[in-house]
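Below: the structure, in structure tokens.
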Amino acid sequence: MGQARRVGPYELLEELGRGGMGVVYRARHVQLGQEVALKLILGLADTEPSLLERFVLEGESLARLRHPNLVAVHSAGRDERGRPWLAMELIPGEDLTQRLTREGPLPAWEAAELVESLAEALGHAHDQGVLHRDVKPSNVLLRGQDGAPLLTDFGLAKRLDRSQRLTETGEVLGSPGYLAPEQCGSGAPSTPATDVYGLGALLY
């Protein structure tokens, strides 16, 4: 990366991955030495206002949640260009997509235990008024030391306690193969059942 780049109090060490909304780095707090997964928004906020709103909502949503099967957020801020960032728990290991690609479908008992843990995590999120809306294998991290599943990436999250107008009627958000019927452009509202459908598709 050449000269170390700083984002807030964090030094960026390496890129871990990127998606449609942000890029995730392994980063280290300069004073404390704590390593985190730092997510930085992609694009410019002034040209992608809905992208900025979704990113801010992700931080707000994660800050409400405390569960052993959800990735925790440590802090948030903005870089020198005004782009928001989130510093989250760094989970050593791999995601469920990588595991399935390497080994194929999980044994039934292991799949049932994994889905039970994720269902409890989603239940906690729903109790706090947060929908995930993008449950899929690549958003499930498997912790290296014990294989525990942690749900991550609340980039399409919805807060049930506020009105959201981040999408146009008919716009499809989510991942094909895991979309509930109401996410397929019908204009019907998402509910906790939306995440239950995604979890069922993941189990299948």
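Confirm whether residue 109 is among the aromatic types (Phe, Trp, Tyr) and either under 15 Å from the mean Cα position of the chain (by Cα) or open to solvent by less than 30 Å² (accessible area, probe 1.4 Å) (or both). Against the criterion (among the aromatic types (Phe, Trp, Tyr) and either under 15 Å from the mean Cα position of the chain (by Cα) or open to solvent by less than 30 Å² (accessible area, probe 1.4 Å) (or both)), residue 109 does not qualify.
Looking at region 90-175, what strands (runs of 3 or more DSSP E) fall wholly within it and have at least 2 residues that are at pLDDT 95 or above? Before the answer, list the steps.
On the way: elements: 93-95, 140-143, 149-151.
Strands (runs of 3 or more DSSP E) meeting the threshold: 140-143, 149-151.
Please find, within region 112-144, the residue that is farthest from residue 97 (Cα to Cα) out of those that are polar (S, T, N, Q) and in contact with a strand residue (DSSP E or B) (Cβ under 8 Å, 6 or more places away or on another chain). Taking the candidates together, the pick is 117. Of everything listed in (1) closer than 21 Å to residue 193 by Cβ; (2) in contact (Cβ under 8 Å) with a residue 12 or more places away in the chain, the single unmet condition for residue 58 is (1).
Taken over region 60-97, the criterion of being small (Gly, Ala, Ser) and open to solvent by 20 Å² or more (accessible area, probe 1.4 Å) is satisfied by 63, 72, 75, 76, 77, 82, 93.
The values are calculated or read from the model by the stated rules, or taken from the named source; none is laboratory data. Computed from a predicted structure; not experimentally measured. Quick reminder, even Gly has a Cβ in these numbers, built from the backbone with ideal geometry, and neighbours come from all protein chains shown. SASA here: full protein model, heavy atoms, side chains in, ligands and nucleic acids out. Shrake-Rupley method; radii C 1.70, N 1.55, O 1.52, S 1.80 Å.
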